[in-house]
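Visitor: Okay, handing you the structure first.
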Amino acid sequence: MKAPKDFLFVVASCCLLLFYNCEKDDICVEGTPGTPRLVIDFYDFENPETVKAPSNLTISAVATNTSIIAGGGPYTLPLRNDQEFTQFRFTLNLGQENENHDLVQINYRREDLYINRACGYKAQYLLGTDAVVNSQDTDNWIKGYSIIETTVQDETVVHLALLH
Amino acid sequence: MKQWYIWLCCISFFAAPIWGQQLQDNDSIGVIAIKKEAPMALRFGIDLYRPIRTQIEEDFEGFELVGDLKVYNDLYVALELGNENRTLQSEQLNFSTKGNYLKLGIDYNMYDNWKGMNNQVYIGLRFGNSLHQQTVNNYTLYSTTHFWPEALISNSNATKTSPDLSAQWFEVLAGIKVQIIHNFYLGLSLRLNRLLSQKQPDNFNNLYLPGFNKVTDENNFGVGFNYTLTYSIPFRFGKK
């Protein structure tokens with residue numbers, strides 16, 4: 001066997017051996033949209049088209065009793081993936097005399113969508129006719145709801161309107 | 001006997017064979033010696049790596065049969081037939097691939113054997129085809145916000161088996177086969193694979209293919225190898 005062929009074979013084998021355990025770093029690119037949160041806003045019960053911001057609102061998740069940042073405008077609520085509902089407490093005037101809290105349960109179905117090898121799956125939520133259930137209370141300040149988007153795919157639009 | 005030891009040393013260490021010094025003599029003798037018509041030989045055997053790994057590793061089950069047929073002086077028609085059942089954890093995903101594969105191709109021996117020996121240093125091409133299924137076992141959802149604790153999803157619309165999948169690829173390989181004792185050969189081959197086409201599962205991807213190994217998202221290349229023990233049945237046509 002000729003020497004150059006010799007050398008070529010050796011080089012080729014070494015390259016192939018090296019490649020075997022070489023793995024390109026699979027990174028989920030930052031900025032890839034993941035599982036979306038539910039975006040809600042508050043509208044006037046008498047005029048369901050008009051946005052009506054509730055005064056002094058605090059939203060907290062019932063299971064952990066931690067509050068979700070409530071500033072103004074549309075609120076993003078993270079939904080649970082280990083069950084098909086999440087309970088939130090919407091409180092007006094927390095800590096004051098006229099405190100009024102509503103225990104609201106959001107019901108949904110989940111559908112997972114494959115992104116790629118590095119990121120895996122992300123969730124999408126489907127809101128049905130039983131999407132919002134307000135537990136029986138004497139003084140509910142939230143009077144109704146309206147589904148704007150049945151599929152929660154991203155956080156760019158408001159999905160649910162709560163009327164008060 | 002000296003040659004035998006050299007060859008045994010080489011195949012144990014996967015190192016470059018030290019055959020450099022033999023070559024000059026062989027060339028000059030070759031002019032005088034009559035090149036005998038090499039007998040047709042059918043060689044078949046198994047890959048040793050996969051059954052051993054099946055015993056050691058819990059998430060791996062595999063078996064590969066190999067064979068080749070000498071059709072001309074240095075040219076062989078080769079075949080590999082295998083089965084694999086593997087469970088892998090890929091980032092946040094746990095999945096299983098189960099299926100069979102068939103590779104068909106040719107090998108070309110580049111090594112000039114001394115008289116009476118039958119070793120090979122060869123390069124080859126293969127066309128591979130797999131029939132398999134993918135099963136997503138469980139995963140955690142990808143999210144940029146972390147309010148709720150991460151849940152392991154094992155029961156959803158995506159945790160299912162996608163059957164009747166297939167893939168086709170092309171392989172370039174280099175290998176050696178060494179005769180250890182009468183008619184038994186030990187071989188090693190290293191392969192570079194290039195994916196040609198595949199049928200993807202529903203709401204998932206072929207992250208791994210039996211026979212091809214790991215499939216990456218960016219390119220269509222993969223690598224593989226086998227370590228074989230084969231037995232050769234020589235047969236001659238015409239008069240003995």
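Visitor: Roughly how big is the B-A contact, given as buried accessible area in Å² (both sides, 1.4 Å probe, nearest 100)? Please list the in-between numbers first.
Guide: Working: alone 14820 and 11040 Å², together 21820 Å².
Summing both sides, the interface buries roughly 4000 Å².
Visitor: If you don't mind, there's one more thing I want to ask. Among the aspartates and glutamates, which have Cα under 20 Å from the Cα of B:K199 when same-chain residues fewer than 8 positions away are ignored?
Guide: Filter leaves B:E84, B:D164, B:E171, B:D217, B:E218.
Visitor: Let me ask something additional. If one puts a single equal scatterer on every Cα of the stretch A:36-77 and applies the Debye formula without solvent, what log₁₀ I(q)/I(0) results at q = 0.16, 0.17 Å⁻¹?
Guide: Taken in order of the listed q values, log10 I(q)/I(0) reads -0.47, -0.52.
Visitor: Let me ask something else. I'd like the FRET efficiency for B:V172 and B:V71, computed as 1/(1 + (r/R0)^6) with the beta carbon distance as r and R0 of 25 Å, rounded to 0.05.
Guide: About 0.80, to the nearest 0.05.
Visitor: Another question, if that's okay. Could you list, in their original order, any pairs among A:K122/B:K103; B:K70/B:K214; B:K103/B:K177 whose Cα atoms are separated by more than 25 Å?
Guide: From the list (A:K122/B:K103; B:K70/B:K214; B:K103/B:K177), the Cα-Cα distance tops 25 Å for A:K122/B:K103; B:K70/B:K214.
Visitor: Whole-Hz ³J(HN,Hα) for each residue in the stretch A:55-66, computed from phi via Karplus 6.51 cos²θ - 1.76 cosθ + 1.60 with θ = phi - 60°, x for glycine and proline: what do you get?
Guide: Couplings: 8, 6, 8, 10, 10, 9, 7, 5, 4, 9, 6, 9 Hz.
Visitor: Any number yet on Rg/Rh for the stretch B:186-240, C-alpha, Kirkwood? Could the numbers behind the result be given before it?
Guide: Values: Rg = 18.2 Å, Rh = 14.4 Å.
My calculation of the ratio gives 1.27.
Visitor: Given a 1.4 Å probe and every protein chain left where it sits, what share in percent of the accessible area of the stretch B:50-173 is carbon and sulfur?
Guide: On the way: 3400 of 6030 Å².
With neighbouring chains kept in place, the figure for the stretch B:50-173 is 56 percent.
Visitor: Over the stretch B:39-235, what is the relative contact order in whole percent, taking alpha-carbon pairs under 8 Å and six or more residues apart? Could you put the intermediate results ahead of the total?
Guide: Numbers: 503 pairs, mean separation 42.4, N = 197.
Taking the mean separation of contacting Cα pairs over the length of the stretch B:39-235, I get 22 percent.
Visitor: Can you list, largest first and rounded to whole Å, the semi-axes you get for the stretch A:26-163 by taking the square root of 5 times each eigenvalue of its Cα gyration tensor? All intermediate terms of the calculation are to be shown ahead of the outcome.
Guide: Details: eigenvalues 164, 49, 42 Å².
Equivalent ellipsoid of the stretch A:26-163: 29, 16, 14 Å, largest first.
Visitor: How would the stretch A:93-164 be classified by its alpha-carbon gyration tensor: rounded, prolate or oblate, with rounded meaning a/c under 1.5 and the a/b versus b/c comparison settling the rest?
Guide: Numbers: a/c = 2.86, a/b = 2.28, b/c = 1.25.
In terms of gyration-tensor shape, prolate.
Visitor: Can you give the direction-averaged projected area of the convex hull of the alpha-carbon atoms in the stretch B:60-202, in nm²? Kindly include the intermediate steps, with their values, before the conclusion.
Guide: Details: hull surface 46.1 nm².
The orientation-averaged projected area of the Cα hull of the stretch B:60-202 comes to 11.5 nm².
Visitor: Here's a follow-up. Going by amide H atoms built from the backbone, whose H comes under 5 Å of the H on B:L141, apart from near neighbours?
Guide: B:A151, B:I153
Visitor: Please give the residues from the stretch A:88-114 for which the solvent-accessible area of heavy atoms, probe 1.4 Å, is smaller by at least 30 Å² with all protein chains in place than with the chain isolated.
Guide: Relative to the lone chain, where solvent access is computed with a 1.4 Å probe, the stretch A:88-114 loses at least 30 Å² at A:R110, A:D112, A:Y114.
Visitor: Still on this structure, I have one more. So, taking all protein chains as they sit and a 1.4 Å probe, how much accessible area belongs to A:H101, in Å² rounded to tens?
Guide: Per-residue accessible area (A:H101): approximately 80 Å².
Visitor: Divide, for the stretch B:124-240, the radius of gyration over alpha carbons by 2.2 N^0.38 Å, where N is the residue count. Working shown, then result.
Guide: Values: Rg = 21.3 Å, N = 117, 2.2 N^0.38 = 13.4 Å.
Rg over 2.2 N^0.38 Å, computed on Cα atoms: 1.59.
The values are calculated or read from the model by the stated rules, or taken from the named source; none is laboratory data. Note that this is a predicted model, so its numbers are computed, not measured. So basically every Cβ, Gly included, is an ideal-geometry build from the backbone, and we count neighbours across all protein chains shown. Ligands, DNA and RNA are stripped out before the accessible areas are found, and what is left, the full protein with its side chains, is counted by its heavy atoms. Shrake-Rupley method; radii C 1.70, N 1.55, O 1.52, S 1.80 Å.
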